[in-house]
Structures are given as C-alpha cells and as structure tokens.
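The values are calculated or read from the model by the stated rules, or taken from the named source; none is laboratory data. Small disclaimer: the values here were computed from a predicted structure and weren't measured. Here the Cβ positions follow ideal geometry from the backbone for every residue, glycine too, while neighbour counts run over all protein chains shown. We work out accessible area using only protein heavy atoms, side chains counted, and drop any ligands, DNA or RNA first. Shrake-Rupley method; radii C 1.70, N 1.55, O 1.52, S 1.80 Å.
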Amino acid sequence: MGDDSQGWAAAPAAAERARSVLAAAWSCSVTAEGTREELVGAHTVSEDGRVLVTVPEDSALLAAAICAPRGEPSAVLEFADVAPVPLRNRIRARLWLAGWFTAEEDRLVFRPTRVVLRQPSGAVVVDLDEFAAAVPDPLTTAEARLLTHLADCHADAVERLTRLVDSDALHGAVRVQPLGVDRHGLTLRIERARAHGDVRLAFHTPADDVAQLTERMHVLLGQASAASCPRALQRQRTDGDR
C-alpha cells in the first residue's frame, strides 16, 4: 500500500524525536555477538541517553558484554514507535542504537556510538552530542492516553479538524484518525482505499504540558469551526447518504 505522507511542519528535531521514541518504548530488540533477544519491560533510560538493561544471570547478552572488546560496537538495539490508535501501518518511527554493553553490578549499561532514526520522511543519523543533550517531548508519556481518548470519544472533533486540511489531501479519504501529538502539533492519518497520507496541524506555540495542549487544541478547533467544510469531505457525505 502506498504512503504519500506530507512533510511535517513545526516538528521536533531528530534528537528530540529519538529521545521521545526511546522514552516511550516498552520493549526493544537486541542483537549482540550473533545472538538476538527481545526484551520487554527490562530497560530504563538515563538522562544522557544511556540504556540501562536488567537481564537474567544466564542471559547471552551478559556473556556478550563481558567478552566483547570495549570501544567496539558490540550490539544494536532497535525500538519501534507504534501509534496507540488502530491504524494501517502503525509504525511511526524506528530507532536504532549501535554501541556496546558494559556490565555494572546487576545490570547492563549500553552506550551508543551511532544513533539512526527512521521516519516516513526518511532515515537520519542523529548527532551523539545532540542525542545526549536532548530531552523527550513533554507529552510523550501522556500521548497514548490523549490520542485514544480523542479517537474514541471525540470523533466529531477529529472530523472538524479536517476543515484545516487542504481538500486535495482529503481526496478519496475513507477515514481520518489522530496519528500523533507532541508539543509542536497534531498529526492526522488520512486513510484511502489503497494508500494513506499524514497531515500535520501545527500549534501556534509549543505546549509544555497537558493543560497547555488543551488550550492549543481549542485554538485549532476554533480555527476549524470558522473554516468551510472541505469539498472532498462534502462529496463523501453526499455519496454516503445515497
């Protein structure tokens, strides 16, 4: 199925987006010294972007960390950013960290030497200093709850927001759902019969918490209420009423 995603306006920088993916992930895949393990609920992240992993004593990762030469990339960690709302192609981004593990007390500490973020717009290598200095988006931990609430309880608001979308982007649309939200804006997924596209609705100013996000959403909805209904959507309603 095709993906004709549009460019993102007022979007987070790559380092911030990478840290947000890392902060939100509950699981990751680890490949090290010829072994691959799937870890669920086993990692935390330090302020500078190191990944702290708790593994059983008989884990192959622990043996790999002890035996691998320090300073050489000995492992690759992969994280997937999955949209909380049921959609076609729910993977919004993938994050790969290459580096090495060291054993410290009862856990492994992973220090990245290369960070790659892949989004629909393409892959980018994230500068290590920028990655270490970046902080996750302040809405990261609340995003899943916010988006599912918007999709499940406020479908009318989502439909109203489509008035802010160019009518060409809505051509052939069969469903519109919230795909993502961050301090800079809201992204809508426009699904068609055999393709989909993503449209970014930027906030007038960044939101640093849920209270500010509420105000930003009210502004967008106010703008949408003042806008005319897209012709493409009008045609869909007319066709659906027949």
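Of (1) open to solvent by less than 10 Å² (accessible area, probe 1.4 Å); (2) within 30 Å of SER46 (Cα to Cα), LEU188 satisfies all except one. Which?
(2)
Please state which of the following conditions GLY122 fails to meet, knowing it meets all the rest: (1) open to solvent by 60 Å² or more (accessible area, probe 1.4 Å); (2) on the phi > 0 side of the Ramachandran plot; (3) not polar (S, T, N, Q).
Unmet for GLY122, out of (1) open to solvent by 60 Å² or more (accessible area, probe 1.4 Å); (2) on the phi > 0 side of the Ramachandran plot; (3) not polar (S, T, N, Q): (1).
Considering only the range 41-63, how many residues are surrounded by fewer than 20 Cβ atoms within 10 Å (Cβ to Cβ) and in a strand (DSSP E or B)?
The number of residues fulfilling the criteria is 3.
For residues that are acidic (Asp, Glu) and part of a strand (DSSP E or B), scanning just the range 191-216, find the one that is surrounded by the most Cβ atoms within 10 Å (Cβ to Cβ).
Among them, the one singled out is ASP198.
Out of all the residues in the range 88-97, which are of a type in the set (A, V, I, L, M, F, W, C) and open to solvent by 20 Å² or more (accessible area, probe 1.4 Å)? Break it down stepwise before answering.
Within the range 88-97, the first condition is being of a type in the set (A, V, I, L, M, F, W, C), and the residues that meet it are 91, 93, 95-97.
Passing the criteria: ILE91, TRP96.
May I ask you to say which residue of VAL165, VAL174, VAL181 is at pLDDT below 95 and either closer than 20 Å to ASP81 by Cα or open to solvent by less than 20 Å² (accessible area, probe 1.4 Å) (or both)?
On the way: VAL174 fails: either closer than 20 Å to ASP81 by Cα or open to solvent by less than 20 Å² (accessible area, probe 1.4 Å) (or both); VAL181 fails: at pLDDT below 95.
Just a single option satisfies the conditions, and that option is VAL165.
Can you give me the number of residues within the range 161-190 that are of a type in the set (Lys, Arg) and in a helix (DSSP H, G or I)?
Count: 1.
Considering only the range 86-101, I want to know if a residue exists there that is modelled with pLDDT under 85 and among the small types (Gly, Ala, Ser).
No, the range 86-101 contains no residue that is modelled with pLDDT under 85 and among the small types (Gly, Ala, Ser).
With the condition kept exactly as written, say whether any residue in the range 106-118 is open to solvent by less than 10 Å² (accessible area, probe 1.4 Å), within 30 Å of ALA173 (Cα to Cα) and part of a strand (DSSP E or B).
Looking through the range 106-118, at least one residue is open to solvent by less than 10 Å² (accessible area, probe 1.4 Å), within 30 Å of ALA173 (Cα to Cα) and part of a strand (DSSP E or B).
Do we find a residue being without any contact (Cβ under 8 Å) to a residue 60 or more places away in the chain and open to solvent by less than 20 Å² (accessible area, probe 1.4 Å) anywhere in the range 30-40?
Checking the range 30-40: at least one residue is without any contact (Cβ under 8 Å) to a residue 60 or more places away in the chain and open to solvent by less than 20 Å² (accessible area, probe 1.4 Å).
Could you give every pair whose Cβ atoms fall below 6 Å, whose first residue belongs to the range 135-152 and is under 17 Å from HIS184 (Cβ atoms), and whose second residue is surrounded by 18 or more Cβ atoms within 10 Å (Cβ to Cβ) and acidic (Asp, Glu), counting only separations of at least 6 or pairs across chains?
Partner pairs satisfying both residue conditions: ASP137/ASP182; LEU139/ASP182.
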